[in-house]
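K.L.:
Just passing along the structure, written as structure tokens.
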Amino acid sequence: MRHPLVMGNWKLNGSRHMVNELIDGLRKEVSSVDGCDIAIAPPFIYLDQAKHQASGSHIMLGAQNVDINLSGAFTGETSANMLKDIGMKYVIIGHSERRTYHKESDEVIAEKFAVVKEAGLIPVLCIGETEAENEAGQTEAVCAKQLDAVLKTMGAPAFGNSVIAYEPVWAIGTGKSATPAQAQAVHKFIRDHIAKHDAKVAAQVIIQYGGSVNASNAAELFSQPDIDGALVGGASLKADAFAVIVKAAAAAKKA
Ligand SMILES: O=C(CO)COP(=O)(O)O
């Protein structure tokens, strides 16, 4: 049985005050939840503070990005080993906002996947099509290409103890989530695509959905057989809304 993961991607939001308030709120709301892994990914500068604030709870920490290099003359960057050093568990890579605004290619993202695995951290690989690609019927081709970048360089076993987040770009921050049936169809495609290489790895890889997940639509999304939790943006900035999503994921897998 796969254990769902609900992860909050705070993106470029937060302050010292908010880190303390939000984590304190979450700790109260989710203290009795079991059956769902919980993580948050605040901005880099607050990761250490967040780790301390969450200590003793089952809220895990993740980073929103990582560099492909481990050390040296790379001004402004953060390495996978540094993230490991401060107690991170997950690293989000390939988010569509980084693909778009920072021109990250599939090849660079595959390199990031490799350094994250090498450091003993869990990559959360974001994939998904744009609205134009969706309308052109290219959803599966785009997802396959984004997965293949990692499959080609590292092989299917790299997806063992890794997370994939299917985030259709048109659903991110728009309030227009994919329907549960639409998301399920793509999640099944993703799992089947990995199964062509390694059925065992495909059966256990966590595939999260992301894109306008909120307290109202989460339960129905999680009722789908191949949706293993969510990567949540806006709704992760409010403890009560995020907790509803976490509880929905835990309940779905017990049902
Ligand atoms: O990009 C996302 C998570 O990584 C989704 O963002 P929203 O939940 O705000 O749509």
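K.L.:
Which of the residues belonging to region 199-253 are touching a residue at least 60 places away in the same chain (Cβ under 8 Å) and acidic (Asp, Glu)?
P.N.:
Once the filter is applied, which keeps residues that are touching a residue at least 60 places away in the same chain (Cβ under 8 Å) and acidic (Asp, Glu), region 199-253 yields Asp228, Asp240.
K.L.:
Okay, next question. So in region 62-96, with the set limited to residues that are under 12 Å from Ile122 (Cβ atoms) and surrounded by fewer than 21 Cβ atoms within 10 Å (Cβ to Cβ), which one is farthest from the chain's Cα centre (by Cα)?
P.N.:
Lys84
K.L.:
Could you please find all residues in region 34-50 being in contact with a strand residue (DSSP E or B) (Cβ under 7 Å, 6 or more places away or on another chain) and buried (at least 18 other Cβ atoms within 10 Å of the Cβ)?
P.N.:
Cys36, Asp37, Ile38, Ala39, Ile40, Ala41, Leu47, Ala50 - these are the residues of region 34-50 that are in contact with a strand residue (DSSP E or B) (Cβ under 7 Å, 6 or more places away or on another chain) and buried (at least 18 other Cβ atoms within 10 Å of the Cβ).
K.L.:
Follow-up. Have a look at Ile86, Ile45, Ile38 and point out the one that is hydrophobic (A, V, I, L, M, F, W, C) and either within 16 Å of the ligand (Cβ to nearest atom) or within 19 Å of Glu167 (Cβ to Cβ) (or both).
P.N.:
When all the criteria are applied, what remains is Ile38.
K.L.:
What residue, among those in region 162-175 that are more than 9 Å from the ligand (Cβ to nearest atom) and part of a loop (DSSP other than H, G, I, E, B), is nearest to Glu129 (Cα to Cα)?
P.N.:
Per the criteria, the residue is Pro168.
K.L.:
Take the residues of region 225-240 that are crowded, with 20+ Cβ neighbours inside 10 Å and part of a helix (DSSP H, G or I): which is nearest to the chain's Cα centre (by Cα)?
P.N.:
Ranking the candidates gives Ser236 first.
K.L.:
Of (1) assigned to a helix (DSSP H, G or I); (2) farther than 25 Å from Ala185 by Cα; (3) within 14 Å of the ligand (Cβ to nearest atom), Arg99 satisfies all except one. Which?
P.N.:
For Arg99, the failing item is (2).
K.L.:
Quick check on my filter: what residues within region 151-202 are small (Gly, Ala, Ser), surrounded by fewer than 17 Cβ atoms within 10 Å (Cβ to Cβ), touching a helix residue (DSSP H, G or I) at 6+ places or on another chain (Cβ under 6 Å) and farther than 19 Å from Val91 by Cα?
P.N.:
If the condition is that a residue be small (Gly, Ala, Ser), surrounded by fewer than 17 Cβ atoms within 10 Å (Cβ to Cβ), touching a helix residue (DSSP H, G or I) at 6+ places or on another chain (Cβ under 6 Å) and farther than 19 Å from Val91 by Cα, then Ala195 is the only one that fits.
Quick note: the coordinates plus some simple rules give every number you see, no bench work behind them. In this text, all values refer to a predicted model and were calculated from it rather than measured experimentally. Every residue, glycine as well, gets a Cβ built from its backbone with ideal geometry; the counts of neighbours run over all protein chains shown.
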